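Presented below is the structure to which this report refers.
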Ligand code: NFS
């Protein structure tokens, strides 16, 4: 094979310019992150905040109109200055139009996102199967109620008839059959995704009519890769149809299975108290940060770090104990089930090491920046990768492959490594003091309990409060941070504007972490930030105005909560009828596009911040907005300004209230409040 030669420099390189650095205040709204950015800059360590200043994004790529699916290109189709007048004649070498290129790119993002969520789900299903077969000691069926709840949706009977009598079936038998049926969902040769029928009947019928009910999870993702290969599908509408099928396979398939099986294995979350931000790290403790996504690993780290002999071992090395902290969705997983505090969000992950107090950072899959290794090199931090599909090339990274059959032993090795490293800390420890209290761990079941009817068995009270107007509507605000926007600013502004206008917020992912860092996940936040109706409900029930529902695969909890609202009655027959809207103010990952799309085709009006990779193909952009609203009742929208963003959602919620004929009720509620305030005055 011919050797690829490095390009030869033609002239002497100019003297290196001073590197451009981020302005910490402009980079983030979080004081703890600002403090750590300043520190990193003083130490000459670059972080994503500096790199975002030094490198600008490609202006054609972000518009979705660069095709690099074959080696004749990349073909770039910039919009002519002043926009398109008349016919759009732009085309690539093969003749692909801007619409085809943007649609191909968009659904490849869906494939990337759906595969990430679903492969995570598959990994959980494999561990579940091992547990059901009793091949591993470390994992057990913890939540039998949840097992019995999901079994029928997978076609698994929970009772048997014997001698004319109906009896409960053996739990081990049910678990094994659930595991096998679940595993089948990724690659079964015929039939359709079983969980699709968990959607409201009208929605399922819509999917059926449009031919987008997934056959199995893997197939829909593979078919996207085929259809976007050079010279296959060249109709943006047909391409998007496949994108829709794969997105449903994610939200109502891979992600939903991940959430459900995790709940059965590790327990269904219920509200609990914890803390968030870098101030959760402790100078006199061994600090171990778990970062990534699959709770299969982090659950074991939590179990081991709590063992008395491990704490004793830490004490024998001069520490007062072990402090665990989480980053990204791993943080959300161990927060919602164990109350482990959250260290920080995606964008500020490097900053946890900049404290100088991170003795070990353990990572698995997704949203892990490769630069962590370079930052870790500047400190004593052991950076440990654990997953066979996610390694790093830098030589200071330690790989300890996590095997579910030896899970506790592997976790012990990792925790001990962190403890042994405590003594190697330099003098440079500097932990910001900021941290906030948070209540997390909400889910379909706990909302039912807190906002349920008289016997707390349905969503009746929630619906009633929506109908009477105290709660104007429901918003799902989710997603990442993006270095192209000020860290956490849009998250917080969108959420505050919504709750100020009586819209209750369900959050997951890094939005949940941002809200926790801002103190919005406490019942007390209601009196400070909410409109009068929502404040009253939160006060009576004792819940925060922003309900943390978990990690990004747990967006499936939001889909099921919306389905429960439909079932409880009074707010229409389908998700698209209820006053609900979705948002990802600072999105960046392919997973966010897949989530956005399954929200849209489940009937939710969904607004993204930052930018959408569709702006270079206006006809295609229009298709996923206007046409999709006609097809599925939900649509995409884009608005980078957080306040306008929130008001687009509120306008949609009001439109739905009007369609349901409940807009007048809200006016009455507000008049009541005004009257009351006048009386108080
Ligand atoms: Ni979601 Fe979770 Fe955060 Fe974005 Fe990444 S952690 S799976 S992708 S960055 S919200």
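FYI, it's all coordinate maths here, none of it is from the lab. The structure presented is a predicted model; accordingly, all values stated were derived computationally and were not measured. Neighbour counts run over all protein chains shown; Cβ positions are idealised from the backbone, glycine included.
Overview of results
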quantity: The range 354-479: relative contact order as a whole-number percent, Cα under 8 Å and 6+ apart; calculated: 21 percent
quantity: Rg and Dmax [Cα atoms of the chain; Å; Rg one decimal, Dmax integer]; calculated: 25.3, 91
quantity: Normalised contact order of the range 98-266, rounded percent, pairs of Cα under 8 Å and 6 or more residues apart; calculated: 39 percent
quantity: Burial order of peptide ranges 604-617, 424-437, 145-158 (average beta-carbon count within 10 Å, highest first); calculated: 604-617, 145-158, 424-437
quantity: Antiparallel DSSP beta bridges within the range 278-424, percent to nearest 5; calculated: 5 percent
quantity: Cα pair distances of the range 532-673 binned at 5 Å [whole percent]; calculated: 2, 9, 15, 21, 23, 15, 9, 4, 2, 0
quantity: Antiparallel content of DSSP bridges confined to the chain, in %, to 5; calculated: 25 percent
quantity: Shape call, the range 186-314: gyration tensor on alpha carbons, a/c limit 1.5; calculated: prolate
quantity: For the range 442-668: relative contact order, % (alpha-carbon pairs under 8 angstrom, 6 or more apart); calculated: 24 percent
quantity: Expected-Rg normalisation [2.2 N^0.38 Å, Cα atoms] applied to the range 67-195; calculated: 1.76
quantity: Dimensionless Rg ratio for the range 98-266, taking C-alpha atoms and the 2.2 N^0.38 Å reference; calculated: 1.17
quantity: Extension reserve of the residue 524-residue 409 stretch, reckoned as 0.36 nm per residue once the Cα distance is removed; calculated: 37.2 nm
quantity: Cα gyration tensor shape for the range 255-412, rounded if a/c is under 1.5, else prolate or oblate; calculated: rounded
quantity: Segment residue 26-residue 663, length gained on full extension (0.36 nm per residue, minus Cα span); calculated: 225.3 nm
quantity: The range 50-112 shape via C-alpha gyration tensor axes, a/c threshold 1.5; calculated: oblate
